Amino acid sequence: MPRLLKALVVDDSGFTRKVIMKCLGETGLADFRFTEAEDGVDALAKFQPGDTDIILVDLNMPRMGGVEFLRRLRTMHATCPPVVLITSESTPERLAEAVNAANADALLLKPVDAARLRTGLRGLVESIPERGGSWTVSHGECVALAAQFVFGETFGLALIPETTPSESEGENIVFGMVTVLGDVHWSVVFGFDESAAAGVASRLAGFDIPFDSPDIGDAIGEVTNIVAGHLKGMLVERGLRIECSLPTVIGASRIRFLVQRGRRTTADQVHYRTPVGRLWVAVSVGVTSGLVL
């Protein structure tokens, strides 16, 4: 069943608003519910913080155009949902100027049609946080599910969630990281404290690998690769086009893993305790500007 998304459609033409709403409904990307506004002034009055998932706004409108509307909206509210800027401009210079001025996440060229919307907006829609879920990143729960499956089936380790994880400062930590690209754009991190890194590496190898072994990095890289492979399979089963990078491994001490949250970044993480130590998984997604062709 498609997820519910609430869209604010801002255009001075009632006909254009109807076309946009019809095309969005035909994409099948979500079950859209719409709020209409005839210009930036009207949109500022109708915008509901926390109850608007995506904004589609025309560049040129009387009273207040798209750029000024977005400038004021971001001044008034700490966070802003993804923004699609609508325009009939055609020259590359004017298009780039419009996107940069509005700090938009995507650009929609008129005339609008459902096929282009589906292709251009799929990645953006996938990045919109789920409502009321334990994971705000859409499909982000697959990262935790993949880790739970691999650590349980391959290493015989039950991952028990920690609701109040202890700090990692003062400990040696190893991170395994992969980038997931395609219909989602994620950075995925698997973090291991010293005990967990050694314990998981030893179970992978079938013999003892202490934390100070030169093999610990390769072992954690291979563990990360196995989880990433299972994660890719889960996302593909959900109908997503996915590619995963090769893993990167970083070791550090006396640090705390932080995830930035902002207007253009959504992130989640979950901590676990295991019989061999503590570990966590995290996924973050950053929305970058792009053209809806």
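Tell me whether region 40-48 contains one or more residues that are surrounded by fewer than 17 Cβ atoms within 10 Å (Cβ to Cβ) and under 25 Å from the mean Cα position of the chain (by Cα).
Yes: region 40-48 contains one or more residues that are surrounded by fewer than 17 Cβ atoms within 10 Å (Cβ to Cβ) and under 25 Å from the mean Cα position of the chain (by Cα).
Among the residues of region 171-227, how many are part of a helix (DSSP H, G or I) and under 18 Å from Glu243 (Cα atoms)?
Residues flagged as part of a helix (DSSP H, G or I) and under 18 Å from Glu243 (Cα atoms) within region 171-227 amount to 7.
Hey, Glu237 hits all of (1) more than 19 Å from Val283 (Cβ to Cβ); (2) among the acidic types (Asp, Glu); (3) under 24 Å from the mean Cα position of the chain (by Cα) but one; which does it fall short on?
(1)
If I ask for residues that are surrounded by fewer than 18 Cβ atoms within 10 Å (Cβ to Cβ), at pLDDT below 80 and not charged (D, E, K, R), which ones from region 75-117 would you list?
Ala78, Thr79, Ser90, Thr91, Pro92, Leu95, Ala96, Asn100, Ala101, Asn103
Having 2 or more residues that are of a type in the set (Asp, Glu), assigned by TED's automatic domain parsing to the domain that holds Arg33 and free of Cβ contacts under 8 Å to residues at least 24 places away in the same chain is the bar; report the helices (runs of 4 or more DSSP H) wholly within region 59-147 that clear it.
92-102
Among the residues of region 28-36, are any farther than 30 Å from Arg238 by Cα, surrounded by 14 or more Cβ atoms within 10 Å (Cβ to Cβ) and within 24 Å of the chain's Cα centre (by Cα)?
no
Which pairs turn up if I take residues in region 277-293 that are under 30 Å from Glu194 (Cα atoms) and assigned by TED's automatic domain parsing to the domain that holds Ala196 and look for partners that are of a type in the set (Asp, Glu) and at pLDDT 50 or above with beta carbon separation below 6 Å, at least 6 apart in sequence or on another chain?
Within 6 Å, the pairs are Gly277/Asp193; Arg278/Asp193; Val283/Asp268.
Starting from region 217-234, keep only residues that are under 12 Å from Val150 (Cα atoms), then list their pairs with residues that are outside any helix (DSSP H, G or I) and aliphatic (A, V, I, L, M) whose Cβ atoms are within a distance under 6 Å, requiring at least 6 positions of separation or different chains.
Here the result reads Ala228/Val178, each pair linking region 217-234 to a residue that is outside any helix (DSSP H, G or I) and aliphatic (A, V, I, L, M).
Anything in region 118-139 that is of a type in the set (Gly, Ala, Ser) and either at pLDDT 85 or above or surrounded by fewer than 17 Cβ atoms within 10 Å (Cβ to Cβ) (or both)? List them, or say none.
If the condition is that a residue be of a type in the set (Gly, Ala, Ser) and either at pLDDT 85 or above or surrounded by fewer than 17 Cβ atoms within 10 Å (Cβ to Cβ) (or both), then Gly132, Gly133, Ser134 are the ones that fit.
Inspect all residues belonging to region 226-247 and state whether any of them is polar (S, T, N, Q), in the same structural domain as Thr154 (by TED's automatic domain parsing) and under 16 Å from Gly277 (Cβ atoms).
No, because not a single residue in region 226-247 is polar (S, T, N, Q), in the same structural domain as Thr154 (by TED's automatic domain parsing) and under 16 Å from Gly277 (Cβ atoms).
The values are calculated or read from the model by the stated rules, or taken from the named source; none is laboratory data. None of the values given here were measured: they were computed from a predicted structure. Here the Cβ is made from the backbone with ideal geometry for all residues, glycine too, and neighbour counts use every protein chain on show.
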